[in-house]
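S.K.: I have a structure here, written as structure tokens, and I will follow up with some questions on it.
Just so it is clear, none of the values below were taken in a lab; they were calculated from the coordinates. Since we're looking at a predicted model, the values are computed, not measured. Methodologically, a virtual Cβ is constructed for each residue, glycine included, from the backbone with ideal geometry; neighbour enumeration extends over all protein chains shown.
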Amino acid sequence: MKNLILRGVVVGPVQTNCYFLKNKESQEILIVDPGAEPDRIIQALLTLGGKPAGILLTHGHFDHIEAAGELREHYHIPVYAAAEEEKLLLDTTLNLSAGWSGMPCSVKADHYLTDGEVFTLAGFEIHMLLSPGHTAGSCCYWLPEENVCLSGDTIFCQSCGRTDLPTGSMSEIRRSLHKVLDILPKDADIFPGHGEQTDAGFEKQHNPYL
Ligand SMILES: [Zn+2]
């Protein structure tokens, strides 16, 4: 990691990793998957210091988006997601917020990204890699200059996200694991939406879903 300070908090009932990507030079921060507990996230960002510049969503499930609306308003920053996830982000049944969290919630992103799109935010070059399977519009965010990938619920340490929920597909997630791990160099660090961090070389060898 060159200019990146990576921190985070674990939030909500299903222990979602909400990551903070702070640029040492610009002091700007990206917030990845603010899934719950906006007040705790704001407090943690205060401790970290710096200026939030945007919110990245890896997919639309309630446990990854529930605090996005409040943080967007609080900091006046844009929300990014894959274009293929638009429908699920807006549908409280598909995003499971109506049935599972008892707090129906939807998010309209400010920027819908296309597969392979490269954009710059908080001084980081970010590649959006569409990785359907957990949901149809799941994606990973790859920061080649930092050798870091935020993998959402696509790649877990020696596992992958479940595929039995709306728009999920086991054959798709297997394809996505191959696609993303083919793009990442072996020593790339992977930060999943749940559980511990891993790296691409380890997953190429040990992930049972490949
Ligand atoms: Zn999910």
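S.K.: Can you quote the Å³ per residue value for the convex hull of the Cα atoms in the chain, rounded to an integer? Spell out each step's value before the answer.
M.R.: Numbers: hull volume 20.5 nm³, N = 210.
Enclosed volume per residue, from the Cα hull, is 98 Å³.
S.K.: Let me ask another. Show that you can apply the helix-only estimate: for the chain, add -39,500 (n - 2.57) for every DSSP H stretch of four or more residues, divide by all residues, and state [θ] at 222 nm to the nearest 500. List each step's numbers first, then the result.
M.R.: Values: 6 runs with 49 residues, N = 210.
Taking each H run of at least 4 residues, the total per residue is -6500 deg cm²/dmol.
S.K.: Then there's this: Largest first and to the nearest Å, give the Cα extent of segment 90-167 along each principal axis.
M.R.: 40, 33, 18
S.K.: Can you work out the FRET efficiency for the pair Leu46 and Ile5, with r the C-beta to C-beta distance and R0 = 22 Å, to the nearest 0.05? Intermediate values should be presented prior to the final figure.
M.R.: Working: r = 15 Å, r/R0 = 0.69.
The formula returns an efficiency of 0.90 here.
S.K.: Calculate how many DSSP beta bridges within the chain are antiparallel, expressed in % of all such bridges and rounded to the nearest 5.
M.R.: Details: 27 of 41 bridges.
DSSP beta bridges in the chain are roughly 65 percent antiparallel.
S.K.: Just grab the label-to-label distance for Gln15 and Leu210, each label 7 Å out from Cα along the Cβ direction, in nm (one decimal).
M.R.: 2.5 nm
S.K.: Continuing with the same structure: Tell me which aspartates and glutamates have Cα within less than 17 Å of Lys87's Cα, excluding those fewer than 8 residues away on the same chain?
M.R.: Partners found: Asp63, Glu66, Asp110, Asp115.
S.K.: Shifting gears a bit: For the ranges 56-68, 169-181, what's the packing order if you count other beta-carbon atoms within 10 Å of each residue, average per peptide, and put the highest first?
M.R.: Numbers: 56-68: 27.7, 169-181: 17.8.
The packing order, highest mean first, is 56-68, 169-181.
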